[in-house]
Amino acid sequence: MKFFAATAVLFAAAAMALPGGRHPGGERPGPYNPCPNNLLKVPQCCDTDALGLLGLGCIAPPNNRPGSVGAFADCCRASSRRPKCCAVTTGLEASVLCIDPEGL
């Protein structure tokens, strides 16, 4: 039981030591990163999302460096698409493993 408690405290301390927020280095110090997940890190603007497995009609955001989650959503809506964070883009307007960005 003591081992479990010590392990839980260790993992909690490690999680708190990691930089937080969508900005590198803490809450606000660096540029906005729309897709901070290490696996799902490719920002895309997609027409259709098929159960989070496949994004169809996906293109790179017209503004490659959106300054906020709102700017990311706005630049995708300008082309009648929705913002997504995907694992892989095929280059044929399709992306694999897509989720909504944090904050939307």
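The table below gives the values:
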read-out: Residues of segment 81-104 classified as small (Gly, Ala, Ser) and either not assigned by TED's automatic domain parsing to the domain that holds Asp49 or not in a strand (DSSP E or B) (or both), total; value: 2
read-out: Selection count where residues are assigned to a loop (DSSP other than H, G, I, E, B) and surrounded by fewer than 20 Cβ atoms within 10 Å (Cβ to Cβ), scope segment 42-80; value: 15
read-out: Subset of segment 19-41 (residues that are at pLDDT 90 or above and closer than 20 Å to Ser79 by Cα); value: none
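The values are calculated or read from the model by the stated rules, or taken from the named source; none is laboratory data. Computed from a prediction, not measured in an experiment: that's the story for all the values here. With ideal geometry, Cβ positions are generated from the backbone for all residues, glycine too; neighbour counts draw on all protein chains shown.
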